[in-house]
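The values are calculated or read from the model by the stated rules, or taken from the named source; none is laboratory data. Keep in mind the model is a prediction, meaning the values are calculated, not measured. Don't worry about glycine lacking a Cβ; one is built from the backbone with ideal geometry, like all the others, and counts go over all protein chains shown. Calculation scope for accessible area: heavy atoms of the full protein, side chains included, ligands and nucleic acids excluded. Shrake-Rupley method; radii C 1.70, N 1.55, O 1.52, S 1.80 Å.
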Amino acid sequence: MLASALWLCAGPAMAQTAPTSQPQPQPQPQPSTKPKPKPKPKPKPSADTGGDDDVDLSEIEKALGKDAKQAAKNQPAAPMRIGPSLQSTNPDISFILDAAGAWFQPGNSLQFGGHDPARRGFTLQQVELGVQHAVDPYFRFDSFIVLLGSSIEVEEAYASTTSLPYNLKLRAGQFYTNFGRQNPTHPHTWDFVDAPFALTRLFGGDGNRNLGVEVSYLTPLPWYVEVIDSMTEARGDDTARSFLGDADFQLKNPLLDLQNTLAVKQFFELSENTSLLWGLSFVTGPNAADKRTNIYATDLYLKYRPITHQSYTIVSLQTEWMYRRRRAAMGLVQDLSGYAYLFWRFAQRWATAARYEYGTPPLDRNFDRTADDLDPFWTDHRHRVEVNTTFWPSEFSRLRLQGGVDLPGWRDPIWSVMLAFEVSVGPHAAHKF
């Protein structure tokens, strides 16, 4: 009875504090009568970002653009460049060694070329150092320095233009004149060990070269015709012996006291495999007798090289003839000299060649023999015949065996045997055809 009374008394109080087992209903929000704002359009994904829709690229691009403009304003101005950069710290540098051993019977010879083997034994013909490169879009520089034993000689050093209008070209410095076919070439391009005696007789042991300026013009004719004119110094016993030589002469009139060389080069394509080059040359200048010397020349180069089918065959014919009129102290002295040779490359590494040379004695106005103060020993006709065989181990080396007989009319024949060796390293620009 007592327990029942206590339970009845505590029941109403427990009923007020105990949590209910069912959730009370929550009031529902009333719908708003204001319209919802439209969402801002998102920027389209950029192809550069891979389509990231969470980044505002337009704002980033604007910021980067402002930074770039500001950086450009603060950047110092770059130096002005004229055309593309053609200068290089590494120009084309090449070395070419030419050496020969020779035997003459009898012992002395009539070899007067600066690169000729002239005595029994070994001869360092030359060590040629070539430095060549473009200067800028307007000029090119070429130099060839020759080392001979303990001496150093600047053979050629000139600058030539590369972008003159109207097919014009200028060259200035020290260079071989474009007289004839053989004179402008270097020994490593020769088909024989020694130079033709016609060139050494007219110009000296080093060929006709000097300081001066040259202009050439490629005509618009239907076939290749190039006209070349140069004005050079007329002095030098080894380069201009028919002119001032080593005489002490003061330049007074540039039009009369300089050597003027005029040449015309013509090229004809006879067929796909055959070509012809024909040249005419004229040289005039003062001589040591305070008079003038004129030299007239013609040269011909005929070449057959099949390109329509695979072949190593090359057959070429080269000839030059030179007529000199020199007014000396004793009167007019004239002579004719020249050569002709045939070259045949019959295999990839082998070739052979034969050359004939001729020179008249000095003649006076009536074509009678006379004395010549330049070559007092030359009193008769002179003939020389040479044959050789060339072997190329590679395109950078060459061996040549050459034999011949020299027949000067004023002395006994001179028999000769020469063995020449050549190697080259480094890039070397191609030579003229």
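Figures for the structure shown
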{"item": "Filter pass, Y339 being surrounded by fewer than 20 Cβ atoms within 10 Å (Cβ to Cβ), among the aromatic types (F, W, Y) and either within 26 Å of the chain's Cα centre (by Cα) or within 28 Å of T177 (Cα to Cα) (or both)", "result": "no"}
{"item": "Q182, sole failed condition from (1) over 25 Å from T352 (Cβ atoms); (2) in contact with a Pro (Cβ under 7 Å, 6 or more places away or on another chain)", "result": "(1)"}
{"item": "Residue match in region 223-245 (condition: at negative phi, more than 26 Å from the chain's Cα centre (by Cα), without any contact (Cβ under 8 Å) to a residue 40 or more places away in the chain and surrounded by fewer than 21 Cβ atoms within 10 Å (Cβ to Cβ))", "result": "yes"}
{"item": "Leading residue by the ranking (surrounded by the fewest Cβ atoms within 10 Å (Cβ to Cβ)) among those in region 258-272 that are in contact (Cβ under 8 Å) with a residue 24 or more places away in the chain and farther than 19 Å from L218 by Cβ", "result": "E272"}
{"item": "Residue count for region 212-237, restricted to those that are farther than 30 Å from L374 by Cα and not β-branched (V, I, T)", "result": "9"}
{"item": "Residue that is open to solvent by less than 40 Å² (accessible area, probe 1.4 Å), of a type in the set (G, A, S) and at pLDDT 95 or above, where the choices are G101, G107", "result": "G101"}
{"item": "Region 183-199 residues that are within 14 Å of D299 (Cβ to Cβ) and open to solvent by 30 Å² or more (accessible area, probe 1.4 Å), paired with ones that are at pLDDT 95 or above and outside any loop (DSSP other than H, G, I, E, B) (beta carbon under 9 Å, 6 or more apart)", "result": "P184/F175; P184/Y176; P184/R209; T185/Y176"}
{"item": "Tally, over region 302-330, of residues that are open to solvent by 40 Å² or more (accessible area, probe 1.4 Å) and more than 24 Å from T390 (Cβ to Cβ)", "result": "7"}
{"item": "Strands (runs of 3 or more DSSP E) (entirely within region 326-433) containing at least 3 residues that are in contact with a Pro (Cβ under 6 Å, 6 or more places away or on another chain)", "result": "331-345"}
{"item": "Any chance V333 is of a type in the set (A, V, I, L, M, F, W, C), surrounded by 15 or more Cβ atoms within 10 Å (Cβ to Cβ) and touching an Asp or Glu at 6+ places or on another chain (Cβ under 6 Å)", "result": "yes"}
{"item": "Residue tally, condition closer than 13 Å to L244 by Cβ and either polar (S, T, N, Q) or open to solvent by 40 Å² or more (accessible area, probe 1.4 Å) (or both), over region 273-288", "result": "3"}
